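None of the figures in this text is laboratory data; all of them are computed from the coordinates on show. Not measured: the values here are computed from a predicted model. Counting neighbours? That spans all protein chains shown, and the Cβs are built from the backbone with ideal geometry, glycine included.
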Amino acid sequence: MQKRLVRKLDLEKAISKVKPHPTPRAYLEQYTISTETTAKILHIAAYTYDDIIGKTIMDLGCGTGRLAIGAVLVGAKEAFGVDIDREAIRMAHNNAEKLGVKERTHWIIADIDVMRGSFDTVLQNPPFGVQRKGADRKFLEKSLKLGYRVYSLHKSGKSNREFAEGSRERGARFVPVSPSPFLKRFIEKHGGEIKAVYAMRMTIPHMFDFHKKRKHEFMVGLYVIEGKKV
């Protein structure tokens, strides 16, 4: 089992080998997290909160497997990834094999509604609800039923973005921000407690016809949530 600290740059290099979805669908909001953001999420989960090494991981809406595969590379006991998209799961399986973590990763083609069980940690980059209003809430509710600790990306407000930019210019490594009042109420209603929120930069390249820019950059919040013991 991996016990030494994995350098973020080495992790980014490995994650960059995880191929993205070749034909993403807009209505599923299949946007790939950048290698840098993926590595930041895993570093926070592993080395700030001790929620990766030796743990059982669930990646909800796993896409082609970046978070689940990255978690195993850092030292997770095993990781499960679930996605409704058959092609995404096929690629996740191939990516895991290519990176030498096939034996410790498990891939499931299913809607997240059908998932049962208990996991130490849930990692997720849920849809933001741009194409389907409230899609992110479904992921939050399910993640709190499956895992004790949840790491979930969500859109950040204007004040958080401004604070994050200022802190980044001062050289802060991981920037704490305030949670969305709505998400805070929703999470608490479903038995969770927000332990921290960190600003993350999200970059989306031109992927669909309705995209007007070559790339779109914006800030999101990584919510670190503690749920009930499962």
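I need the peptides 68-77, 83-92 ranked by packing, meaning the mean over residues of other C-beta atoms within 10 angstrom, with the highest value on top. The partial results should precede the final answer.
Values: 68-77: 25.7, 83-92: 19.4.
Sorting 68-77, 83-92 by mean packing, highest first, produces 68-77, 83-92.
If you take every residue apart from LEU99 with its C-beta less than 14 Å away from the C-beta of LEU99, what net charge results, scoring Lys and Arg +1 and Asp and Glu -1? Please list the in-between numbers first.
Details: positive: LYS13, LYS17, LYS19, ARG66, LYS98, LYS102, ARG104; negative: ASP10, GLU12, GLU97, GLU103.
Cβ neighbours under 14 Å give a net charge of +3.
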Of LYS17/LYS195; LYS13/LYS155; LYS98/LYS228, which sit over 29 Å apart, Cα to Cα? LYS17/LYS195; LYS98/LYS228
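At 25 °C and a viscosity of 0.890 mPa s, what translational diffusion coefficient does Stokes-Einstein give for region 29-155, taking Rh as the Kirkwood radius over Cα pairs? Give it in µm²/s as a whole number. Please list the in-between numbers first.
Details: Rh = 14.2 Å.
Stokes-Einstein gives a translational diffusion coefficient of 173 µm²/s.
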Using θ = phi - 60° and the Karplus form 6.51 cos²θ - 1.76 cosθ + 1.60, what ³J(HN,Hα) does each residue of region 73-87 get, whole Hz, x for Gly and Pro? 4, 6, x, 4, 4, 6, 9, 10, x, 10, 8, 6, 8, 4, 5
